[in-house]
Amino acid sequence: MAESSSSTSNINNGSTSPLANLAQDHLFSILLRLPVDSILSFAMTCKRFRSLASSDTLWESICRRDWGHKQVDAFKYSCNQYQMMMTTVPWMRLYRQVTQLESVSCRNISDADGDLVLPNPRASHSLNFVSNCLVLFGGGCEGGRHLDDTWVAYVGNDFQGMLKWQKVNSGIPSGRFGHTCVVIGDCLVLFGGINDRGNRHNDTWIGQIACHENLGITLSWRLLDVGSIAPPARGAHAACCIDNRKMVIHAGIGLYGLRLGDTWVLELSENFCFGSWQQLVTHPSPPARSGHSLTRIGGNRTVLFGGRGVGYEVLNDVWFLDVYEGFFKWVQIPYELQNIPAGFSLPRVGHSATLILGGRVLIYGGEDSARRRKDDFWVLDTKAIPFTSVQQSMLDSRGLLLNMWKRLRAEGYKPNCRSFHRACPDYSGRYLYVFGGMVDGLVQPADTSGLRFDGRLLLVELVPLL
């Protein structure tokens, strides 16, 4: 009995385990190759292993592994702006809070006193975060008119303050709405759109920001030479970058109001002086649609959600685009809807879908098939999307993925329900900027719909963080 008791004690304190003889650096390397649940189980074996498995050094490395170096470095930079010492960042707690995110906090950071010059209210514009600046271009406004203005607001170190907008360009590119604009490196890549005469575009533009000591911030647009091959003209399509020199676009509304279902990839030259378009022909592929979203979730992986189909129905399907053995491949992701709260519907068009800290996608707003606009926030957990194989524990009895969706509470300022707004995250994915959109308003005598365009800038922050 004494031998048995002693043996049990030795096993419990880890002294007989071969792991106990490994150097801490080797244990560290092993832990970084394990899923989080296994690391937490490892921490329960003995005091030494608990200390190692709970260390800030390990959990910062886990955050970098699961979220990417760029997001973690940007998060540390944002913490520095609030004079937080890096040694005080509790990485294990941060990881848990981001993974178990329950709410977001909203603030209206538009000029309340009306002293600053602001962009006109609009919808179906573009909004991007590049070179520590917000860049807004085009869109549609009252009367169905297009806009051709470019505005820049320098964010810098003040993530939460009122921003000063500066109009830096007008007329180039030509006025349009329903275009797309994505960030690749330090450049903007704009494609397509519709003008107020109903003409569709298929031109591609490159935008570059420059900061001058005397001139301040400038932004120059130039038409990109793409040769003789280009996608058909369209608007209300979706786009995102898929690596350091490629952009993918999908679907949209083409000539005569026809909804498209094609996929094209633009590859840029090393100096961004010219580019070439190539159509991707795959089977299966997402049905034709407009007003949907494409979001890059890491590497060459892209997620498509929602939109309006050819029968004017509003969709809630999820598709995944990846490169498989050198070829692009679309895969539809079936999922279970049982955790959608009563009174809420997931299908939507004209929503925003942005990658946030932790590698998940934040869906905001949009409208349903009855044009009822929404003000809800949802997290699409891309970690639940199987990129290679599906574990049985991830599926229900019908083979549908579980726990992909989660609705978040919205705290603080309560924005109007809106659709066809635009949103973009800062580099860390901790803050999300939202501008414009079509919102519900007071019914005017000449307008029985009560529809109006919004011109407010909102800041959405993931909470609680630290």
**OP:** Search the structure for amide H atoms under 5 Å from the amide H of Val226, placed 1.01 Å from N in the peptide plane, and list their residues when 5 or more places away or on another chain.
**Re:** Gly275
Subject >> Length-normalised contact order of region 232-316 in % [C-alpha pairs under 8 Å, at least 6 apart] >> reply: 26
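In what sequence, largest accessible area first, do Ser105, Ser352 appear using a 1.4 Å probe? Write out the running numbers ahead of the final one.
Details: Ser105 30, Ser352 10 Å².
My answer, sorted largest first, is Ser105, Ser352.
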**OP:** Using a 1.4 Å probe and ignoring any ligands, DNA or RNA, find the accessible area of Thr302 and quote it in Å² to the nearest 10.
**Re:** 0
Original post:
Hey, what do the phi angles of region 28-33 turn into as Karplus ³J(HN,Hα) couplings, whole Hz, using 6.51/-1.76/1.60 and θ = phi - 60°, x for Gly and Pro?
Top reply: 4, 5, 5, 4, 5, 9
Original post:
Which value, in Å² rounded to 10, gives the accessible area of Arg452 with a 1.4 Å probe and all protein chains present?
Top reply: 80
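Pairs Lys246/Lys374; Lys167/Lys414; Lys70/Lys383; Lys164/Lys383; Lys167/Lys329; Lys164/Lys246: which are spaced more than 30 Å apart, C-alpha to C-alpha?
Details: Lys246/Lys374 32 Å; Lys167/Lys414 28 Å; Lys70/Lys383 18 Å; Lys164/Lys383 37 Å; Lys167/Lys329 41 Å; Lys164/Lys246 32 Å.
In this structure, Lys246/Lys374; Lys164/Lys383; Lys167/Lys329; Lys164/Lys246 lie more than 30 Å apart at Cα.
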Subject >> Cα-based reach from Lys406 at 13 Å (exclusive), listing aspartates and glutamates while leaving out same-chain residues under 8 positions away >> reply: Glu102, Glu336, Asp376, Asp381
Subject >> 1.4 Å probe accessible area per residue over region 167-325, in Å² >> reply: 43
**OP:** Would you please give the residues with an amide H less than 5 Å from that of Leu457, counting only those at least 5 places away or on a separate chain, with H modeled from the backbone geometry?
**Re:** Ile109, Ser110
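How much of the accessible area of region 130-243, probe 1.4 Å, is carbon plus sulfur, in whole percent?
Numbers: 2190 of 4540 Å².
It is 48 percent, rounded to a whole number.
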Original post:
Amide H to amide H, which residues 5 or more places from Leu163 or on other chains are under 5 Å from it, using H placed in the peptide plane?
Top reply: none
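The values are calculated or read from the model by the stated rules, or taken from the named source; none is laboratory data. Nothing here was measured: the structure is a model prediction, and the numbers come from that model. The protein model used for the area step is the full one, side chains on, heavy atoms only, and it has no ligands, DNA or RNA in it. Shrake-Rupley method; radii C 1.70, N 1.55, O 1.52, S 1.80 Å.
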